[in-house]
Amino acid sequence: MISKTYAPQEIEDKWYSYWIENRYFNSKPNPKKEPYTIVIPPPNVTGVLHMGHMLNNTIQDILIRKARMEGKEACWVPGTDHASIATEAKVVAMLKERGISKNDLTRDEFLEYCWEWTHKYGGIILKQLRKLGASCDWERTRFTMEPDLYDSVIDVFIDLYNKGDIYRGHRMVNWDPQARTTVSDEEVIMKEVNQKLVYLRYELVGAADAEHGVIVATTRPETIMADVAVCVNPNDERYQHLIGREVRIPLINRAIPIIADDYVEMEFGTGCLKVTPAHDTNDYELGKRHNLPIIDLLNEDGTLNEKAQILVGEDRFAARKKIIRLLDESGSLVKTEEYKSNVGHSERTDSVIEPRLSEQWFLKMAKISQPAFENVMNDTVQLIPPKFKNTYRHWMENVRDWNISRQLWWGHRIPAFYLKDGTLIVAKNKREALRKAQHDYQLFALTEEDIEQDPDVLDTWFSSWLWPISVFNGIKEPENEDIQYYYPTNDLVTAPEILFFWVARMIIAGYEYKGTYPFKNVYLTGIVRDKLGRKMSKSLGNSPDPIDLIEQYGADSIRTGMLFTSQAGNDLPYDEKLIEQGRNFCNKIWNAFRLVKGWTINPETAFSGNPSFGSLWVNYQNMDNEIAWFESKFNQTLLEVQDHFSKFRISDALNAVYKLIWDDFCAQYLEMIKPEFGQPIEEVVYMITLDFFDRLMRLAHPFMPFITEEIWQNIADRDNKESICIASFPKPGLVNSALLNDFDILFELVSAIRNVRNSKNVSPKTALPLAIRTEWKARYEKLEPLIKKLANTESITYVEGDVAGTSFRVRADEFFVNLEGEVNVEEERESLLKELEYTEGFLNSVIKKLSNERFVQNAKGDIVEKERQKQADAEAKIVTLKEALSRLS
């Protein structure tokens, strides 16, 4: 017996356990089936479920469940990313609570704590995805630091190094002082910040006019001690006589030259640029052109080192404030101004990025990225929506070498080894490096103790760019059965902000190591934002806990609520009312099923035996109009849903299903076929209605898996009762467009009659006579039983001319409802006269406007046309009102 109310908390754990126990989500290569594969964007091992995960994984689950029901070998591979920076930060914080510093530990000791943390917290988010209903093949769960995936990363590094694509070089990089590591360009977020533009005087060296000097404007006065020159534009007449002279740096009095370069903009600031090659990317390039020295005055943590000479040990921002005060006291400060500028911040720690010269490992990108560029541009790999192709094109056309090394301990350690004389050997491990040293350099007395491994680890993205290949062990065993069957995968669902971090690099790796794309389609979701347009985050306190929402509303309510307004590539304005709408949808389905299951069958119409759903349509030769209508409506909607899926319009597909169930099935079909209160229903109609319910649940299952399974299991007499998640997805049949059109008019007619009742305060229980013009008899005669039932009309007659009663039109057809005895004639006459007077006044104002030649000549054509349409509508309404008054008389 189905319960009175829908209680998701009672059924969700039950059915998810049932699915897992029966291994419905598990997949293995099956040559008889078409594979359909999705790899999950691996969440950070440090992560917990947030609203973005909810949206992303709901879409993936919809795609994989639909494919599974379509008979494909559906494989959704889950897993997590080791997240070097984030995990180290978590472990350092954990150690701090225990009174331990990372600096007091050896590398191996620290890594033990990292694994301890990972084993304890690393699987939280995957467990939470089960609450959402994610139908992943959990037995295939992968982790980027597990042995096979670790080895794959190392093998790829060695391969690319041997090809000459990886090199080690001294370059200007983005330095995160909080994480104490370099980060890639894509991990730098530009933010507008308020700063002070500081104007300070550099005095000329050895001249009577020394006190005049030059004035330089900077937002970073704490770096003046690393200045090596002042640069002006050679065409700037103000400073041409000073080129080649020297000035003294304030506070430390070190002399530096005045140089000339076209790079300097004469109109910006004072036209004088302080050159600090160690702390600015552009200054670094300027310094290379002029052979200037490099002075790095910052430590790894952003404090000033001994090269600063003053304020040694101070944090860079504290030093900035103190330097301004010292400059003021020394008389070198000219003025300060409030200034807004864009400053780079680390995506991981939000620390202000420092440009820094450092010895790093790089991957050459120009050549290796070409196939990935070309095959997105020609739509071999499709970005959805395609607007992101322009963004992709810009990045790929301006691609820079990828800085792949990170100054961390947690991650894939770079397989590079150094001999004491600096000789570099790239090998899989120290033992192999020793063999290479002995073989290549004849150093037979060398031992492993004489070899030192590079301390850095690889960028996290350097492991995840192999994800679609490495999850199937396609690097270590390129011919294994899984990689041969499941690769390339079908669809990738991810966020636009990692289009370059991850998506582009996966495509690059796919062409480099498998000779083809890693996935055919990339569905880019939007960002979940609050009502103010802000991205949801815990730090802002504007994001609800997804698990709390699931416990309150149920997973199906969350899934549908998130998708009602989620178009591909467009941000989702989250509103809890959407989740409530999802819950109301679940309740509507539940109550509709309870209604149908509560009907009794007329024993006189019972079948002999136990017919299957498939034979119902054969047995029911005289199919009623309403059954034929819903059959066509279902098929029409199914075609629409399939079209939406083919274009990745998942939200539109859900809304089509929503309308079919809520409006067409519940509000229309069930109203048409339900028996009078206390009366039985024909068995064939009852069974066909259950068949409709069966197909509706299969159609809705990818979107809302739990409630559909519960109801599907309660529909009797099914050929296969294992689980809806492996039942077949509905297939469209014929669509009777003429019948659908007739029923559209029927529903408009019923609505119009109800509006007449409401406007005249006539009770819906009062049966009214309806007259229809004879010329439309053929259309409405077959619908008479439904008109009488839905609109409560006591009789329907067909007439040639006007008849007494209220006239109204549906499309072009005219109808009459006789309300004699139901309305006060004088009140009705007064109401019609008032409406006629208003409409005539409105018509006169429109005619007056159209009589104004200046308005007609100067107004836009569509505005004039709208006014003419208003005139025609008012004139037609006046005719109708006068006819109504005439009939009323």
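Nothing in this text is a laboratory measurement; each read-out follows from the coordinates by a stated rule. This one's a predicted model, so the numbers in the text were calculated from it and none came from an experiment. Here Cβ is always computed from backbone atoms with ideal geometry, including for glycine, and neighbour counts include all displayed protein chains.
Report the equivalent ellipsoid semi-axes for the range 736-817 in whole Å, largest first, defined as the square roots of five times the eigenvalues of the gyration tensor built from alpha carbon atoms.
19, 15, 12
Measure nothing fancy, just the Cα-based angle from helix 316-330's long axis to the longest principal axis of the chain, in degrees from 0 to 90, nearest 10.
60 degrees
Determine the sum of side-chain charges near Thr87: Lys and Arg each +1, Asp and Glu each -1, restricted to other residues whose C-beta is under 11 angstrom from that of Thr87.
Surrounding charge for Thr87 is 0.
If each residue of separation counts as 0.36 nm, what is the full-extension length gain between Lys877 and Gln9 once their alpha-carbon separation is subtracted?
Additional length available on full extension: 307.0 nm.
What's the ranking of 523-533, 56-66 by average number of surrounding C-beta atoms within 10 Å, highest first?
Packing proxy ranking, top to bottom: 56-66, 523-533.
Can you bin the chain into rounded, prolate or oblate? Criterion: square roots of the alpha carbon gyration tensor eigenvalues sorted a ≥ b ≥ c, rounded for a/c under 1.5, prolate for a/b above b/c, oblate for the rest.
The shape class here is oblate.
Please give the calculated 222 nm ellipticity per residue for the chain, where each DSSP H segment of at least 4 residues contributes -39500 (n - 2.57) and the sum is spread over every residue; nearest 500 deg cm²/dmol?
Computed mean residue ellipticity for the chain: -13000 deg cm²/dmol.
Once both axes come from the Cα atoms, what is the angle between helix 576-597 and the longest principal axis of the chain, in degrees from 0 to 90, rounded to 10?
With both axes taken from Cα atoms, the answer is about 40 degrees.
Could you order the peptides 762-770, 472-480, 443-451 from most to least packed, using the average number of other C-beta atoms within 10 Å per residue?
Descending mean neighbour count gives 472-480, 762-770, 443-451.
Defining a contact as two alpha carbons under 8 Å apart and six or more residues distant in sequence, what relative contact order in percent does the range 188-353 show?
Value for the range 188-353: 31 percent.
What is the spin-label model distance, in nm, from Glu397 to Lys789 if the labels are put 7 Å beyond Cα along the C-beta direction?
About 6.3 nm, to one decimal.
I'd like the FRET efficiency for Ala318 and Asp151, computed as 1/(1 + (r/R0)^6) with the beta carbon distance as r and R0 of 51 Å, rounded to 0.05.
About 0.65, to the nearest 0.05.
What do you get when you divide the Cα radius of gyration of the range 186-242 by 2.2 N^0.38 Å, with N the number of residues?
1.50
What fraction of the DSSP beta bridges in the chain is antiparallel, stated in percent and rounded to the nearest 5?
70 percent
Give me the Debye-computed log₁₀ of I(q)/I(0) at q = 0.13, 0.14 Å⁻¹ for the range 16-71, equal point scatterers on Cα only, no solvent, two decimals.
Each listed q maps to, in turn, -0.44, -0.51.
Using the Cβ atoms and a cut-off under 13 Å, what net charge is assigned to the surroundings of Asp13, where Lys and Arg are +1 and Asp and Glu are -1?
-2
Run the dipole for the chain about the Cα centre, Lys and Arg Cβ at +1, Asp and Glu Cβ at -1, nothing else charged, and hand back the magnitude in debye, nearest 20.
The calculated dipole for the chain is roughly 220 debye.
Take every Cα-Cα pair in the range 188-353 and report what % of them are more than 22 Å apart.
43 percent
What does the charge add up to near Ala767, with Lys and Arg as +1, Asp and Glu as -1, over the other residues with Cβ less than 10 Å from its Cβ?
Once positives and negatives cancel, what remains is +1.
DSSP loop trypsin sites (Lys or Arg not before Pro) in the range 629-719 with at most 16 other Cβ atoms within 10 Å of their Cβ, which ones?
When the trypsin sites (Lys or Arg not before Pro) of the range 629-719 are filtered for loop state and at most 16 Cβ neighbours within 10 Å, Lys647, Arg718 remain.
With N set to the number of residues, divide the alpha-carbon radius of gyration of the range 575-716 by 2.2 N^0.38 Å and report two decimals.
Dividing the Cα radius of gyration by 2.2 N^0.38 Å gives 1.09.
Return Glu146, Glu222 ranked ascending by Cβ neighbour count within 10 Å, so the fewest neighbours appear first.
Going from least to most buried by this count: Glu146, Glu222.
How would the range 356-412 be classified by its alpha-carbon gyration tensor: rounded, prolate or oblate, with rounded meaning a/c under 1.5 and the a/b versus b/c comparison settling the rest?
prolate
Output the relative contact order of the chain, whole-number percent, from Cα pairs under 8 angstrom with separation of 6+ residues.
12 percent
Under the definition of Cα pairs under 8 Å and six or more residues apart, what whole-number percent is the relative contact order of the range 824-889?
It rounds to 51 percent for the range 824-889.
Report the extension gain between Val193 and Glu826 in nm, rounded to one decimal, defined as 0.36 nm multiplied by the number of residues separating them, less their alpha carbon distance.
Separation in residues times 0.36 nm, less the Cα-Cα distance, equals 220.6 nm.
Students often forget the sequence filter, so: which lysines lie under 19 Å Cα-Cα from Lys788 once same-chain residues fewer than 8 apart are removed?
Cross-link targets: Lys674, Lys765, Lys777.
How far, in degrees from 0 to 90, does helix 8-21 lean away from the longest principal axis of the Cα atoms of the chain, to the nearest 10?
Compared with the principal axis, the helix lies near 70 degrees.
How big is the charge dipole of the range 736-817 about its Cα centre, in debye rounded to the nearest 20, if each Lys and Arg gets +1 on its Cβ and each Asp and Glu gets -1 on its Cβ?
360 debye
Among Val856, Leu833, Gln407, whose Cα lies farthest out toward the positive end of the dipole of the chain, if unit charges sit on the beta carbon of Lys, Arg (+1) and Asp, Glu (-1)?
Of the candidates, Leu833 comes out farthest on the positive side.
Would you mind getting me the FRET efficiency between Lys577 and Val48? Use the beta-carbon distance for r and R0 = 30 Å, nearest 0.05.
Computed FRET efficiency for Lys577 and Val48 comes out at 0.75.
Could you list the square roots of 5 times each eigenvalue of the Cα gyration tensor of the range 824-889, that is, the equivalent ellipsoid semi-axes, sorted largest first and rounded to whole Å?
They are 31, 10, 7 Å, listed largest first.
How are the Cα pair distances of the range 123-269 distributed, in percent, across 10 Å bins from 0?
In order of increasing distance, the bins hold 8, 20, 21, 16, 13, 12, 8, 2, 0 percent.
Can you tell me the FRET efficiency between Glu112 and Asp440 if r is taken as the Cβ-Cβ distance and R0 is 35 Å, rounded to the nearest 0.05?
With a Förster radius of 35 Å, E is 0.50.
Lys731: which lysines have alpha carbons under 17 Å from its alpha carbon, excluding same-chain residues fewer than 8 sequence positions away?
Lys66, Lys72, Lys633
Let me spell out the model: positive unit charges on the Cβ of Lys and Arg, negative unit charges on the Cβ of Asp and Glu, origin at the Cα centre of the range 354-445. What dipole size does that give, in debye rounded to 20?
Dipole size: approximately 280 debye.
Would you list the P(r) distribution for the range 96-157, with all Cα-Cα distances sorted into 5 Å bins from 0 and each bin expressed as a whole %?
Result returned by the calculation: 4, 13, 16, 18, 16, 15, 10, 7, 1.
Decide, for the range 655-704, between rounded, prolate and oblate: order the square roots of the alpha carbon gyration tensor eigenvalues as a ≥ b ≥ c, take rounded if a/c falls under 1.5, and otherwise choose prolate if a/b is larger than b/c, else oblate.
oblate
Holding the Cα-Cα limit at 29 Å, pick out from Lys32/Lys514; Lys96/Lys420; Lys514/Lys647 the pairs that are longer than that.
Where the Cα-Cα span goes over 29 Å, the pairs concerned are Lys96/Lys420.
Give the Rg (one decimal place) followed by the Dmax (whole number) of the range 333-477, computed from C-alpha coordinates and expressed in Å.
My reading of the Cα-based Rg and Dmax gives 21.4, 67 Å.
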